[in-house]
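A short worksheet on the structure shown next.
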Amino acid sequence: MSAARRCSPPRALAGLFVWRLKNTGIRQIPCQFVQLCHVANDRLITFQYFNFLKRMYVTQCNKDLSQRAKPKSDSVASPFRELQQLDQEKKVIHKIRPISPVHQPLPEASISNELREMKSAAETEDSVAAVRVEAKGDRQWKEMKLRLDDLPGILARLSKIKLTALVVSTASAGFAMAPVPFDLTCFVLASLGTGLASCAANSINQFFEVPFDSNMNRTKNRPLVRGQISPLLAVCFAASCGVPGIALLTLGVNPLTGALGAFNIFLYTCCYTPMKRMSIANTWVGAVVGAIPPVMGWTAATGSLDAGALLLGGILYSWQFPHFNALSWGLREDYSRGGYCMMSVTHPGLCRRVALRHCLALIGLSAVAPVLDITTWTFPIISLPINLYISYLGFRFYRDADRRSSRKLFFCSLWHLPMLLLVMFTCKKSFLEKEDKGDLLGESHGRAMEIRLP
């Protein structure tokens with residue numbers, strides 16, 4: 001009981017004070033608060049109770065000290081609500097002027113000003129609505145409409161027209177290097193069929209690689225990735241190029257060239273394309289694909305597959321390694337993001353070594369040409385400086401392993417191949433020389449036979 005009596009007076013005092021505040025509204029003088037403290041002077045009053053009593057007294061006496069709600073600050077506009085932010089920026093507030101009495105005529109100046117303001121307000125609202133609709137349209141998916149004017153350019157990019165031009169040029173070089181008289185009709189048919197086959201292979205390649213090309217900066221603007229052309233139309237275009245191309249090579253040139261063209265389409269679309277995501281061996285398969293076109297040109301002219309065709313294919317085969325390895329070195333991040341298994345990504349040391357080896361192999365292949373009686377001995381001598389230069393850049397790429405050296409090697413390979421083929425063409429042995437040599441060999445063989453006879 002004693003403990004309860006000690007604790008109850010402060011609580012009773014607080015309750016009595018609150019009751020007096022509610023009933024009287026603290027309209028008396030502040031002396032009542034002092035008197036109340038004197039009454040409980042001999043009892044226990046804590047510091048918390050004292051502060052509570054003081055706050056209650058001050059807030060009830062002074063009505064001006066009532067608490068006011070602080071206006072909530074505007075939240076930061078979300079970056080994903082561009083349209084709302086655009087509307088807030090474009091809002092225009094127009095003040096409506098009080099309407100003058102009917103009996104007072106308005107001056108003409110004020111009427112013209114009001115009309116001008118109304119017109120400007122309407123134009124502003126129209127512009128805001130147009131911007132809103134345009135911004136909304138930009139954030140939505142659009143269906144790409146194909147126009148006939150854009151179709152040639154789209155099909156050119158679908159068929160990789162630059163790569164196709166390189167394939168046709170190498171096939172033409174093989175046709176020109178053949179030791180037979182030049183046949184213009186056969187040359188045109190072989191070039192056209194090779195170009196159509198290349199267009200078909202490149203189109204099918206892009207059809208298969210749409211989900212992977214969309215992840216690469218180098219290929220994300222291709223027609224199928226951007227939806228500029230439907231996959232069905234791409235496949236139809238590939239078929240319309242591949243079937244006539246192979247038929248033209250088979251019937252218009254010779255069956256051997258047509259078979260090589262069909263095999264190259266199969267090798268590029270069904271072997272090289274899926275292997276790019278499986279193994280680094282895709283680089284060697286792709287080099288074989290690039291080496292077949294000059295062989296096709298040779299067989300189109302001669303109708304046979306002999307040592308000269310294999311030599312031209314070997315030169316193209318070795319040239320592609322410094323060309324492609326230097327190109328892929330600067331695109332390692334892109335190939336990795338696209339999911340392609342390239343030497344520059346998974347085996348960087350091997351990528352540089354292979355490029356250097358095949359740069360040196362070009363020197364040896366150039367020296368074999370006169371041995372096979374394809375060119376004169378001036379060809380390996382004249383081609384030695386450009387072969388040594390690309391070999392030097394290949395060594396720099398192997399030693400430094402940076403983007404600068406790879407870029408130099410890549411750009412050197414762009415002019416090295418046409419220069420090498422041009423020198424090879426100028427130094428080739430003419431058909432008349434080979435015919436005279438064959439006649440001399442035939443006469444000497446006949447004389448030997450006469451001597452042996454009794």
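Values for this structure:
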| quantity | calculated |
| --- | --- |
| Of all residues making up segment 371-389, the number that are assigned to a helix (DSSP H, G or I) and either within 26 Å of CYS351 (Cβ to Cβ) or open to solvent by 10 Å² or more (accessible area, probe 1.4 Å) (or both) | 12 |
| Scan of segment 395-404 for residues that are in a helix (DSSP H, G or I) and without any contact (Cβ under 8 Å) to a residue 60 or more places away in the chain, ordered by number | PHE395, ARG396, TYR398, ARG399, ASP400, ARG404 |
| Filter result (of a type in the set (A, V, I, L, M, F, W, C), closer than 12 Å to ASN387 by Cα and open to solvent by less than 50 Å² (accessible area, probe 1.4 Å)) within segment 410-420 | CYS412, LEU417, LEU420 |
| Test: residue in segment 333-346 that is buried (at least 22 other Cβ atoms within 10 Å of the Cβ), in contact with a Lys or Arg (Cβ under 6 Å, 6 or more places away or on another chain) and outside any loop (DSSP other than H, G, I, E, B) | yes |
| Number of positions in segment 206-264 that are open to solvent by 40 Å² or more (accessible area, probe 1.4 Å) and either in contact with a strand residue (DSSP E or B) (Cβ under 8 Å, 6 or more places away or on another chain) or of a type in the set (S, T, N, Q) (or both) | 7 |
| Check on TYR392, in contact with a His (Cβ under 9 Å, 6 or more places away or on another chain) and assigned to a helix (DSSP H, G or I) | no |
| Segment 356-400, residues that are among the polar types (S, T, N, Q) and more than 16 Å from THR426 (Cα to Cα) | ASN387, SER391 |
| Flag if ALA176 is under 30 Å from LEU311 (Cα atoms) and at pLDDT 95 or above | no |
| Long-range neighbours under 7 Å by Cβ, at least six apart or interchain, first residue in contact (Cβ under 8 Å) with a residue 40 or more places away in the chain within segment 256-271, second open to solvent by less than 40 Å² (accessible area, probe 1.4 Å) and polar (S, T, N, Q) | LEU256/THR299; THR257/THR299; GLY261/THR194; TYR268/ASN205; THR269/ASN205 |
| Residue in segment 203-212 that is touching a residue at least 12 places away in the same chain (Cβ under 8 Å), touching a Phe, Trp or Tyr at 6+ places or on another chain (Cβ under 6 Å) and under 26 Å from PRO255 (Cβ atoms) present | yes |
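The values are calculated or read from the model by the stated rules, or taken from the named source; none is laboratory data. Please read all numbers here as calculations on a predicted model, not as lab measurements. Glycine gets a Cβ as well: all are built from the backbone with ideal geometry, and neighbour counts include every protein chain shown. Just so you know, the surface numbers come from the protein's heavy atoms only, side chains and all, with ligands and any DNA or RNA stripped out. Shrake-Rupley method; radii C 1.70, N 1.55, O 1.52, S 1.80 Å.
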